[in-house]
Amino acid sequence: MQITSKNIWPTQIWECKLSLDQKFNLNLWEDICKINTSSASTDFNLFEHQGQYIQTLKEKLIETANVVLFDLDKEIKSISRGWVNFNSVGASAQPHSHFVNLVGVYYISSPENGGDLCLIDPSPGTRISGKDKTGNTGYFIKPTSSTLVLFPGLINHFVTQNNSNEPRISVAINFVIGDKHGENYEHNNKDISS
């Protein structure tokens, strides 16, 4: 008997350690805390605010995403939305996805045992190979401060419980990508891996 196994639809993700230090992250957090969010809606976009460190982060995020998309002949056209996730002790995030082509998570503060990001394998066939303790087949990422994780927006993902004594603070980003030659893919269009 001869059996051949092939991985024909891999899902590409990127973990990028940015050259932003703890001092930068503290200044970024100060910029964020200056924003009046009392009237914030679900359309809140962090990157519409002109704080120096917020705008520097935006530039770094676009620069880094463009590096990883280079071989795919794609580029970042804009950031459609960015927001802050402040997860206090005991907090977690339920499985969800984003209806954009590329999602990013930048970690401002990520304490030990602060909760892992889990990307759930989208391939139904992998369900037969076993499940992890959460009942999902997934890839767990232990976040570290100043790290940017990029992945396709339609990948279901969640964050495990923060079991530390400190908050986990991250910035979520929805990117608009397009061909280097001009075509934009806003929502639910072509997958970045095509």
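Yes or no, residue by residue, for (1) modelled with pLDDT of 95 or more; (2) of a type in the set (S, T, N, Q):
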position	(1), (2)
S88	no, yes
S97	no, yes
R127	no, no
D132	no, no
S146	yes, yes
V149	yes, no
P152	no, no
H157	no, no
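Within region 156-183, track down each residue that is within 17 Å of L61 (Cα to Cα) and under 11 Å from the mean Cα position of the chain (by Cα).
Within region 156-183, S170, V171, A172, I173, N174, F175 qualify.
Hey, G178 hits all of (1) surrounded by 17 or more Cβ atoms within 10 Å (Cβ to Cβ); (2) modelled with pLDDT under 90; (3) assigned to a loop (DSSP other than H, G, I, E, B) but one; which does it fall short on?
Of (1) surrounded by 17 or more Cβ atoms within 10 Å (Cβ to Cβ); (2) modelled with pLDDT under 90; (3) assigned to a loop (DSSP other than H, G, I, E, B), only one is false for G178: (3).
So in region 143-165, with the set limited to residues that are among the hydrophobic types (A, V, I, L, M, F, W, C) and assigned to a loop (DSSP other than H, G, I, E, B), which one is most open to solvent (accessible area, probe 1.4 Å)?
So, considering only residues that are among the hydrophobic types (A, V, I, L, M, F, W, C) and assigned to a loop (DSSP other than H, G, I, E, B), the one most open to solvent (accessible area, probe 1.4 Å) is L154.
Would you point out which residue out of E75, E63, E59 is touching a helix residue (DSSP H, G or I) at 6+ places or on another chain (Cβ under 8 Å) and open to solvent by 50 Å² or more (accessible area, probe 1.4 Å)?
E75
The values are calculated or read from the model by the stated rules, or taken from the named source; none is laboratory data. Remember, predicted model here, so these are calculated numbers, not experimental data. Please note: Cβ atoms are built from the backbone with ideal geometry, for glycine as well, and neighbour counts cover all protein chains shown. In case anyone asks, the SASA skips ligands and DNA or RNA and just uses the protein heavy atoms, side chains included. Shrake-Rupley method; radii C 1.70, N 1.55, O 1.52, S 1.80 Å.
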